[in-house]
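Here is the structure we will look at, set down as structure tokens.
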């Protein structure tokens, strides 16, 4: 199983939708394994590409709803609205500290609550 991180200049890419590179890490030991180019295309194209790999988790920056829905439809586990150096983010995942707010993009609050209802 792998932890996949969308990457731009060794950091988590700021936007999943336009990310071009994915770094794969061995989930158990956290060592870098391979760099893979992501396909350009619709949300379904990216989701199908990712589904063909044994992923424990996909870590990415901001993500639009169509891409998030495609990942959910493909039943791919992902942590969105994350930031930081790719190696450090994977180390945080392995140590169970990825929920620390220091890894969240500014202004995103807690990523798991990004779809809450407003005005109530």
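Structure notes:
- Residue order for 81, 49, fewest other beta carbons within 10 angstrom first, comes to 49, 81.
- Contact order for the chain, expressed relative to its length and based on alpha carbon pairs under 8 Å spaced 6+ residues apart, stands at 25 percent.
- Working note: 222 nm ellipticity from helices only, DSSP H runs with n ≥ 4, each -39,500 (n - 2.57), summed and divided by the residues of the chain, gives -6500 deg cm²/dmol to the nearest 500.
- Listed from fewest to most Cβ neighbours within 10 Å, the set 102, 108 follows the order 102, 108.
- Above 22 Å, the calculated P(r) of the chain contains 28 percent of its Cα-Cα pairs.
- Order of 94, 20 - criterion: other Cβ atoms within 10 Å of each residue's Cβ, fewest first: 20, 94
- DSSP-defined beta bridges in the chain - what % are antiparallel, rounded to 5: 70 percent
Readers should treat all values here as calculations from the given coordinates under stated rules, not as data from a laboratory. These numbers were taken from a predicted model, which means no experiment stands behind them. Note that each Cβ is placed from the backbone with ideal geometry, even for glycine, and that neighbours are counted across all protein chains shown.
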